[in-house]
Structures are given as structure tokens and as C-alpha cells.
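Laboratory data are not the source of any read-out in this text; all were calculated from the coordinates shown. No experiment lies behind these values; they were computed from the predicted model shown. Every residue, glycine as well, gets a Cβ built from its backbone with ideal geometry; the counts of neighbours run over all protein chains shown.
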Amino acid sequence: MQRIRRHLIAAAATALLASPLAGLAQDIKPRLIRFGYGLNEQSNQGRAVKVFADAVEKASGGKMRVRAIGAAALGPDTQMQQALVGGAQEMMVGSTATLVGITKEMALWDTPFLINNVREADALLDGPVGQKVMAKLPEKGLVGLVYWENGFRNLTNSRRPVTKAEDLDGIKLRVMQNNVFLDSFRSLGANAVPLPFSELFSALETKTVDGQENPYNTILSSKFYEVQKYLSVTNHVYSPWIVLVSKKWWDTLSPAEQKILKDAAVASRDFERKDTREEAGRALAELKAKGMQVNELSPAEAARMRDKLTRVNASIAANVGMDLWNETQAELAKLRGRK
Ligand code: TK8
């Protein structure tokens, strides 16, 4: 009897150890966050992901671990977005422009010449308008935490300096997978082709496309200067990046864990904007030193280009909704009225 009981106790103990251990292990095992991004590790994006990762690990005492996976090793933006929606990947940072297929309101940020400077960018993105756009994500299976700065976009190509819209005639120009960008550059006369960023360098190298447009930082960190001769300063749009979480996964986190991610995201945003602006400030000189030929547009040609580009505004307004569009314009007017 005694022996049987001892056996039973031993068996019960084994069972206890075997099965609830799984539950126990879940508490002990760190939460692994696969965080994907498109640029290189040595870029403003890569540096800020590292800041985020360190902040999360520190605040969670190592219970939450971020595995940063750059250079689009988890796929281009659109593929990662789908992986987040499906719950196969936890986090990413990418362009808002590639999100438009999921959340149409994101097209607001594609509006040419919407934002004039970084002060306006921060106020608009972090204020009610930016938050309203972000709030459209959860119903699509995504949670947006913060906007980072990609930056003002400029044009590069391997054929000739672009000093006026007509110089784009016949230039095969890679654009993001986004209709506003496609229509904008087609209206300027370029032969615009949508392509994921991850395929861009080799497309430029093999001359599958002649040109592209991105902020100075990216032209530098992605070494586009190796395959692009001409840089035309157009500043045609301010591009944000957005830090995204899989909603499926987010809902399994405790409020304390969610707070750790939110706080780390804000810290990474503040770091990223500062870092990006510093780099942008010296990137142009570096690109020149690397042999790029840089040209500005004359005020008259810049105005003509602006005029052609902003013809897409009416359709953007209709797409994102007139209320959001008007609120954005009112917010910008308020910002511009303030000294
Ligand atoms: C990186 C992209 C990039 C964007 C582009 O994955 O595609 O041109 O500017 O930053 O999101």
C-alpha cells in the first residue's frame, strides 16, 4: 500500500513536472519579438531598431527579447505586413506608403509637398491627425506604435540631371508600390514602375530602372551612389516610417508588457528623428564626395513641378475622406500661423 502510494505520488509529481512545466516555462521563457525592417543594419533604421531592442530588453529585465532582422531578410514591407496580420511575425518598421493597400487613410502621408519642415512633420504625425490615421490599423489586424522619420524624398538617376519635369521624359523610375507615387511620377512624364525596396539596388545596378527617389540618408546607407550619378533636390514629399505590431500577438500581451513596448517605441522615435536629422545634414556632402552630381531646381521649375505633382491632391482627399483632409489642412494652417 505504502509503496503503491509512493508510486502514485511519484507519478503525479512527474505529471506535474511534465505538463504544467509548459505553462511555467511560458512565464520564464523570454517573449521573442521578430522585428523586421528593410534597410541595412548600418542605417538610421537599423540604429533605431537597436535602440528599441535594448530598451525593451532592459525594461523587461530580459523577459522580452527583440530579434532585429534587417535588409528585408523577412521580405519586403508588404510581405511583413501580411505576416504581422496573420501573426507569423511580431513587429516591423516600414514605409506608410506601402500600407495603403491595407489602410487607405495612410495615403494622406503620400500627398506631395504636404509637410514643409520637420517641425510640421512631428506636430502633425504625433498630434490628433497622425493618431487618427494610426487608429485605423487595429481593425485590419495591426497596431501602430509610433511614426519615425524616413525623410524628405529626392530624385536620383543614372541618365541626366533633372532640372525640370521634362527631363524625366522616358526615365524608368522606380516608385514604391503605391498609386499616388505611381500617378504622380507618371504625370511628370517618367516611366514609373512600382518595385519593392529590396529589389531596388540590383534593379539600378542592372539598369532595369534608371532612377529612384528616397531621402539622402537612404541614398547613402543603401549605397545608391554606386549606381546613380545624378541627384536632383526635389524634396517632393515627407515620408514617415511606422512601427507596427501584429494585433494577434499584441492581444496576448499583458498591459505591463504592452506598456514596455509603447515606452520603448517612443524612446526609439525620439532617438531616430534626432539621428536621421543629423545624418541628413551631412549626407549630401558625403554623397557629393562619393561622386554624385547634385543639382537644385530653379524656383520657377520647382514651382512647375510642384504644380504638376499636387494635381493628385484632389484624388488623395477623396480617398482618405474629406473630413480627415480638412482636419489636416486646418492643423497645418494653425501650425503655420504660430511663430
Ligand atoms: C524600406 C522602405 C524604404 C522606402 C522605399 O523598407 O521603399 O523607398 O523609402 O524606406 O520602406
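For LYS172, which aspartates and glutamates qualify as cross-link partners when the Cα separation must be under 19 Å and same-chain residues fewer than eight apart are set aside? Within the straight-line cut-off, LYS172 pairs with ASP183, GLU199, GLU205, ASP210, GLU213, GLU226.
Annotation for the range 259-334: trypsin sites (Lys or Arg not before Pro) lying in DSSP loop with at most 15 further Cβ atoms inside 10 Å of their Cβ are LYS290. The range 272-336 and the range 115-134 have Cα centres separated by 14 Å. Dipole check for the range 31-99: with +1 at the C-beta of Lys and Arg, -1 at the C-beta of Asp and Glu, and the Cα centre as origin, the magnitude is about 260 Debye. Taking a straight line from the alpha carbon of LYS248, these lysines sit under 18 Å away, with near neighbours fewer than eight places off in the same chain left out: LYS136, LYS140, LYS259, LYS262.
In terms of the mean number of neighbouring beta-carbon atoms within 10 Å, the peptides 29-38, 207-216 order highest first as 207-216, 29-38. Between GLU327 and LYS262, the contour length at 0.36 nm per residue exceeds the alpha carbon distance by 20.8 nm.
Between the residues ASN179, ASN326, ALA135, the greatest Cα displacement towards the positive end of the dipole of the chain, with unit charges on the Cβ of Lys, Arg, Asp and Glu, is found for ALA135. In this structure, ASN313 and GLU278 have a Cβ-Cβ separation that, at R0 = 30 Å, corresponds to a calculated FRET efficiency of about 0.40.
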